[in-house]
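The structure appears below as structure tokens.
The values are calculated or read from the model by the stated rules, or taken from the named source; none is laboratory data. As the structure is a prediction and not an experimental result, all values here were calculated from the model. No Cβ is skipped: glycine too gets one built from the backbone with ideal geometry, and neighbour counts run over all protein chains shown.
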Amino acid sequence: MKQFVSGFFIVFIAGCSSIPFQETARVSLESADPQIILERFRNNSPENFRLLTTVVFEYNLDKLSGIGYVDINTREKAFTVVCINAMGVKLFEVSGGKDGTVSHFTLEELNKKGDFAAVIGEDIKRIYFDSVPSSGATINRKKFKIIFNQPYGPGIMEYVFAGTDGNMAEKKYYEDNILIWQVSFYEYRQKDGKIYPGGIILNNYKYGYSLTVRLKEIQA
């Protein structure tokens with residue numbers, strides 16, 4: 001896997017940059033009810049939507065940028081994502097669901113080092129699925145955040161809620177007390193009573209790469 005990621009990014013334009021997002025406000029949540037915070041976030045989160053986004057994949061000093069759309073159905077845990085580069089060249093089209101991930105199109109260069117569709121599919125799931133902890137999650141209250149922890153596969157998932165509206169700010173996955181991957185959510189927007197993060201950064205510490213997503217348009 002690590003060889004694949006390295007080979008994947010090395011073929012693209014060198015350079016390292018990040019998309020800045022406004023930091024989540026440090027607002028005291030000491031008097032907030034964790035269950036009310038959680039229920040409000042659950043009710044405000046959309047189940048079926050389409051987003052137009054820009055994406056930047058980064059590995060060491062190499063990066064790949066593109067723009068595309070993602071269709072998400074959280075109830076069915078199904079998705080479709082399509083991405084093109086700045087010159088209009090289609091990079092990939094991938095869909096997935098409970099039965100796995102399917103590559104409808106992948107630029108030949110992207111598949112030379114491994115299963116690119118599987119990598120993209122896992123990242124989409126980490127960002128958009130399993131976004132609310134279960135009722136059995138343990139609660140750890142801090143001054144500026146409320147943390148929910150629960151078992152997840154062989155590890156532990158940590159959900160961090162913070163900010164003025166108490167929305168989810170981070171989702172972290174640990175195995176043996178080691179942080180494997182993390183998704184951070186910024187600048188929530190609202191449309192038709194539902195909320196969408198305007199900025200997302202996924203860091204995969206196991207394989208050493210990041211994915212930055214900027215929301216351009218909500219097409220729900």
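Below, the figures for the structure above:
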| item | result |
| --- | --- |
| Filtered residue count, the range 120-151, keeping only those that are farther than 21 Å from Asn203 by Cα and either touching a Lys or Arg at 6+ places or on another chain (Cβ under 8 Å) or among the basic types (Lys, Arg) (or both) | 4 |
| In the range 66-94, residue nearest to Arg214 (Cα to Cα) [restricted to those that are under 16 Å from the mean Cα position of the chain (by Cα) and surrounded by fewer than 18 Cβ atoms within 10 Å (Cβ to Cβ)] | Ile67 |
| Positions within the range 176-215 being in a strand (DSSP E or B) and loosely packed, with under 14 Cβ neighbours inside 10 Å, in sequence order | Ile178, Arg189, Gln190, Lys191 |
| Matching residues, the range 139-164, being under 16 Å from Glu30 (Cβ atoms) and crowded, with 16+ Cβ neighbours inside 10 Å | Lys145, Ile146, Ile147, Val160, Phe161, Ala162, Gly163 |
| Of the criteria (1) modelled with pLDDT of 95 or more; (2) touching a helix residue (DSSP H, G or I) at 6+ places or on another chain (Cβ under 9 Å), which one Ala162 fails | (2) |
| Cβ-Cβ under 7 Å pairs, at least 6 apart or on other chains, the range 146-169 side free of Cβ contacts under 8 Å to residues at least 60 places away in the same chain and farther than 18 Å from Glu23 by Cα, far side outside any strand (DSSP E or B) and hydroxyl-bearing (Ser, Thr, Tyr) | Gln150/Ser134 |
| Neighbours by Cβ (under 6 Å, 6+ apart or cross-chain): first from the range 50-79, in contact (Cβ under 8 Å) with a residue 60 or more places away in the chain; second part of a loop (DSSP other than H, G, I, E, B) and surrounded by fewer than 17 Cβ atoms within 10 Å (Cβ to Cβ) | Arg50/Gln219 |
